[in-house]
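Trainee: My structure is below; once you've seen it, I'll send some questions.
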Amino acid sequence: MKKALFLVVGAVVLIVGVIVLILPIPFGLPIIAAGTGFLVMGSDTIAEWIKRRRKNNDVFDEKLRNLQQKAPEEVCEPLEKTNPKTNQNTSTA
């Protein structure tokens with residue numbers, strides 16, 4: 001139930017962030033970071049997908065690192081889970 005709530009909130013916040021991104025106010029990127037953080041908290045599959053994208057795409061990784069610097073700590077923590085450079089050994093045997 002809690003993960004489903006995070007997924008719904010994350011999707012809504014991410015969509016709002018994309019909408020706000022095209023407006024002339026500078027709040028789009030932090031809102032996108034918050035939405036992505038909620039999605040990561042709600043789904044390990046999404047977290048792994050983002051982690052693979054970050055590993056294979058340096059530009060995407062750099063953008064997320066920049067977002068992490070601007071976002072609140074509550075958002076940064078789940079996004080750090082997707083950082084391939086800090087979490088090399090996340091698999092369990």
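The values are calculated or read from the model by the stated rules, or taken from the named source; none is laboratory data. This is a predicted model, so every value here is computed, not measured. Don't worry about glycine lacking a Cβ; one is built from the backbone with ideal geometry, like all the others, and counts go over all protein chains shown. Accessible surface is based on the protein model in full, side chains and every heavy atom, while ligands, DNA and RNA are left aside. Shrake-Rupley method; radii C 1.70, N 1.55, O 1.52, S 1.80 Å.
Trainee: Are there any helices (runs of 4 or more DSSP H) wholly within the chain with 3 or more residues that are at pLDDT 85 or above, and if so which?
Mentor: Once the helices (runs of 4 or more DSSP H) in the chain are filtered for at least 3 residues that are at pLDDT 85 or above, what remains is 2-21, 28-42, 44-56, 58-70.
Trainee: Hey, another quick one. Go through region 27-59 and give me each residue that's loosely packed, with under 14 Cβ neighbours inside 10 Å and either within 20 Å of Glu73 (Cβ to Cβ) or of a type in the set (Phe, Trp, Tyr) (or both).
Mentor: Phe27
Trainee: Right, another one. Looking at (1) open to solvent by 80 Å² or more (accessible area, probe 1.4 Å); (2) touching a helix residue (DSSP H, G or I) at 6+ places or on another chain (Cβ under 9 Å), which is the only condition Leu64 fails?
Mentor: (1)
Trainee: The conditions are (1) under 20 Å from Gly28 (Cβ atoms); (2) open to solvent by less than 70 Å² (accessible area, probe 1.4 Å); (3) of a type in the set (Asp, Glu), and Glu74 fails exactly one of them. Which is it?
Mentor: All conditions are met except number (2).
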